[in-house]
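See below for the structure under consideration.
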Amino acid sequence: MLFSAIGGKYIKKMKLKKILSELVCIILFTATFVIIGTENVTSTITIVDDPSPRGGDLAVFSNEISIEFPLSVGMETIIDVDVHNMAVTYAATWHYGDYAEYDFNMNSNAILDIQLRIRSSSDATSTDVHLDGAQIANFNSMPAFDIVTIHDISIASGDHTIRVTQKSDTPSSGDSVVVDWIKIGNYYIEGELYDRSYGTDSNPNYRGVDAIVPSKIKTRFYIDGLLLAENDGVGSHSNLVPGDSLYPDVDFIPNNGISNTYTAWTPSTSGYHNISIEVLSGISSDIDLSNNIAYIIVFVGIPPPELYINISQDKKDAVLNWDPPHSPGIDYYLLYRSTSQTDFNFNDIWVNTSSDKEKGELDPIPLRTMWNDTNSANPDNKTNYNEQYYYTIRAVNSDGQVSRTSRTVGKWTKIFQQGVSSFSLPLEPINSLDTDYLISHMNAEYIKYMDPATRTWRKHNLGDGDVNNTDMKLGEAYEVKFGQQSNYTFMGLPGAMILYDDDNGFSGFDFATDAKNLFVFVKPNGDVDINWERLKSMGPDDEYWVLYSNRRDGFFRDSDLDYELVYPPVSYDICMATHEDAQANDPGARLYYMVLPMNATRGVGTGTYSVGIWTEEYLSQYDTIGIPLKLDVNHTADWYCDNIPNTIGINYYDYIGQRWCWHSARMPEGAFDTVLEMTKGYQISTSDITKFIFIGI
């Protein structure tokens, strides 16, 4: 764009070359083609008032905020975020003067409409539009913006020039033509070099950049609600109107463009912190304010190790291994074990790697990253059938500081009798688990599963490889056959986990009592009510953080954060919150909730055990059903028939009689009835697609 000022006078000419290589819906002609030359052409013109300023949409997103780990007190880190221009705003005054002239290129012959969004000075009398020297339109000037459409203009392939000229009876007063944009067919020409044709605004005429009051895009970084930094000039540099003191050069983000901005932060206190980032500008009104602020929650201090679980080759031991935390000076680890996912006793350390040894070891190995829970899955140890163990771990550094707990992992050993049986996964696999892997490790003859596409059972036999192989899923059920009694130890993530932290002088919830008393309820509109017991140790300057994640272990990861605040921090004397627009009743919804207490000095105490919501959809006619969460009460088939809409009946496997049994919704309670339990699999028959919401741990 050529535009400058000499001695306070504008050089009244602008040249802009556009290659129109992506014309859409252009009519091509095979007959004689009329090429615009030097003769004037009479055209039909439509003028529509369009005075309203445009709305734009600057946006930042939580999942695009990144931060350098580990986070430690006194250690500088960098916070950066991408700023999006989702639907940029009204682009006017990119040319002042008595005419504006632009070059463009056509890649084919066409007859099309030419549109202009244009405004004239108050003393102007008329406006002419010329194409390659020939006048194609003349209309009265307008003081407010109008969209002028010049219909059915024939243009040959090649280079062309379009000029918009302003006429006035008082030229000495300074003629002025203001062109927002010119549209050739479906392609826009704009002085600020934005391409509206790929915008996201529902009205394509609302796509552009605001050059009437060019104001730099800003981002503001907040830590726990306090302003940390403000960055000006986000985006690329552009001299929109050089030489004009009223409209200085600005930085901008192109239409549908992205610009990165960042700032440094040195944490002064440990614990959880809320990092929020706001994007704002002096442009016209933002059409979607809901995406102008994004935030993440981060933990400053020693992060926990990443804990995993496997089973030894002889199927006797649960093998725990972990990734060391991204933190310097780790000395040793503390391991905890429980027979229930909500019954950890953190006063009772199961393994201290600084002092405990495994069988055959001469000395402790404090920085070890593996421990065997010997015989915890031994098939010869009858007490382990259907037995559960759950584990979590903490790291201790050279200063004696102890991390919060890691995610919880678990093992569940189940016995299978000879013959046909059914099962469902009681734990969510950490890594993908398919039928081919499972059948070989179970020593089973086959596994059957329901194919949702065909509503038929598919059978995967031992040794079939990829034939009818499929990923195993929590919440679904499977049929299996064994040639002799066998067992299998399921491994993975339970529905309840706890963030235990007693290292900052603020105890928080009692892991043995009130940490278990978190209650969630799904409203008919999909919102979620969360309630918990008030902590007596909380005072007026303290607050609760109500967190949610779509992953069972989303609260526990180090650099891969995956949880958000349900609500602004809740006052110490309020023990409830509502997660609005949670969409918890949507099929496939997976939500996990936890409450963390925080004192006035940002110290975080032990949180509640998490509680999960699992919304499962069941296809009409036949589908399978497994219990994905541990419920407060195990219900009967009759209860599910009454509480899952459109249910005709439920099939369950009778292990004694070695047969499938049917409980119809028409049957009374207790007639061919059974209690539905985790690890067992069932079939459900419905008259239509339906769903059910499980709430549990």
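The values are calculated or read from the model by the stated rules, or taken from the named source; none is laboratory data. As the structure is a prediction and not an experimental result, all values here were calculated from the model. Note that we place each Cβ from the backbone using ideal geometry, even for glycine, and neighbour counts take in every protein chain shown. Surface areas here come from the heavy atoms of the whole protein model, side chains and all, with no ligands, DNA or RNA. Shrake-Rupley method; radii C 1.70, N 1.55, O 1.52, S 1.80 Å.
Remarks
- The one condition in (1) farther than 19 Å from L493 by Cβ; (2) surrounded by 14 or more Cβ atoms within 10 Å (Cβ to Cβ); (3) in contact with a Leu (Cβ under 9 Å, 6 or more places away or on another chain); (4) not small (G, A, S) that R455 fails to fulfil: (2)
- V595 under 30 Å from I498 (Cβ atoms) and in a strand (DSSP E or B): yes
- Filter result for D654 (more than 30 Å from M538 (Cβ to Cβ), at pLDDT below 95 and not aliphatic (A, V, I, L, M)): yes
- When residues of region 333-349 are limited to those that are open to solvent by 30 Å² or more (accessible area, probe 1.4 Å) and of a type in the set (V, I, T), the one nearest to G495 (Cα to Cα): T339
- Residue that is nearest to L320 (Cα to Cα), among those in region 491-523 that are of a type in the set (S, T, Y) and either modelled with pLDDT of 90 or more or in contact with a Pro (Cβ under 6 Å, 6 or more places away or on another chain) (or both): Y500
- Filtered residues of region 678-697 (kept if closer than 25 Å to D451 by Cβ and part of a loop (DSSP other than H, G, I, E, B)): M678, T679, K680, G681, S687, D688, I689
- Residues in region 313-332 that are surrounded by fewer than 17 Cβ atoms within 10 Å (Cβ to Cβ), at pLDDT 85 or above and not charged (D, E, K, R): 4 in all.
- When restricted to residues that are farther than 21 Å from V633 by Cβ and buried (at least 17 other Cβ atoms within 10 Å of the Cβ), region 660-689 contains 3.
- In region 513-548, the residues that are in contact with a His (Cβ under 7 Å, 6 or more places away or on another chain) and among the hydrophobic types (A, V, I, L, M, F, W, C): V528, I530
- Residue match in region 110-124 (condition: in contact with a helix residue (DSSP H, G or I) (Cβ under 9 Å, 6 or more places away or on another chain), open to solvent by less than 10 Å² (accessible area, probe 1.4 Å), within 19 Å of Y187 (Cβ to Cβ) and modelled with pLDDT under 75): no
- Number of positions in region 523-536 that are open to solvent by less than 20 Å² (accessible area, probe 1.4 Å) and in a strand (DSSP E or B): 2
- Qualifying positions in region 598-615 - in a strand (DSSP E or B) and either open to solvent by 10 Å² or more (accessible area, probe 1.4 Å) or not polar (S, T, N, Q) (or both): M598, V604, Y609, V611, G612, I613, W614
- As for region 177-184, it holds at least one residue that is modelled with pLDDT of 80 or more, basic (K, R), part of a strand (DSSP E or B) and open to solvent by less than 50 Å² (accessible area, probe 1.4 Å).
- Answer from G539, G492 - the residue that is assigned to a loop (DSSP other than H, G, I, E, B), in contact (Cβ under 8 Å) with a residue 60 or more places away in the chain and open to solvent by less than 20 Å² (accessible area, probe 1.4 Å): G539
- Within the option set L240, L227, being modelled with pLDDT of 90 or more, more than 24 Å from the chain's Cα centre (by Cα) and not acidic (D, E) holds for one residue only, L227.
- Inside region 660-674, residues that are polar (S, T, N, Q) and not in a strand (DSSP E or B) make up a count of 1.
- In region 524-543, residue farthest from T342 (Cα to Cα) [restricted to those that are modelled with pLDDT of 90 or more and in contact with a Ser or Thr (Cβ under 8 Å, 6 or more places away or on another chain)]: D527
- Within region 261-335, strands (runs of 3 or more DSSP E) holding 3 or more residues that are touching a helix residue (DSSP H, G or I) at 6+ places or on another chain (Cβ under 7 Å): 293-300
- Condition check for A584: touching a residue at least 24 places away in the same chain (Cβ under 8 Å), touching a Gly at 6+ places or on another chain (Cβ under 7 Å), assigned to a loop (DSSP other than H, G, I, E, B) and of a type in the set (G, A, S): yes
- Test result for F672, closer than 30 Å to L499 by Cα and of a type outside the set (V, I, T): no
- Hey, H441 outside any loop (DSSP other than H, G, I, E, B) and surrounded by fewer than 19 Cβ atoms within 10 Å (Cβ to Cβ) or not: yes
- Region 437-462, residues that are in contact (Cβ under 8 Å) with a residue 12 or more places away in the chain and more than 30 Å from I656 (Cβ to Cβ): P452
- Scanning region 600-626 for residues that are aliphatic (A, V, I, L, M) and either touching a Gly at 6+ places or on another chain (Cβ under 7 Å) or modelled with pLDDT of 95 or more (or both) yields V604, V611, I613, I625.
- Selected residue (criterion: most open to solvent (accessible area, probe 1.4 Å)) from residues of region 616-659 that are closer than 20 Å to V522 by Cβ and in a strand (DSSP E or B): E617
- Any hit, region 353-362, residues being within 37 Å of the chain's Cα centre (by Cα), open to solvent by 30 Å² or more (accessible area, probe 1.4 Å), modelled with pLDDT of 90 or more and among the aliphatic types (A, V, I, L, M): no
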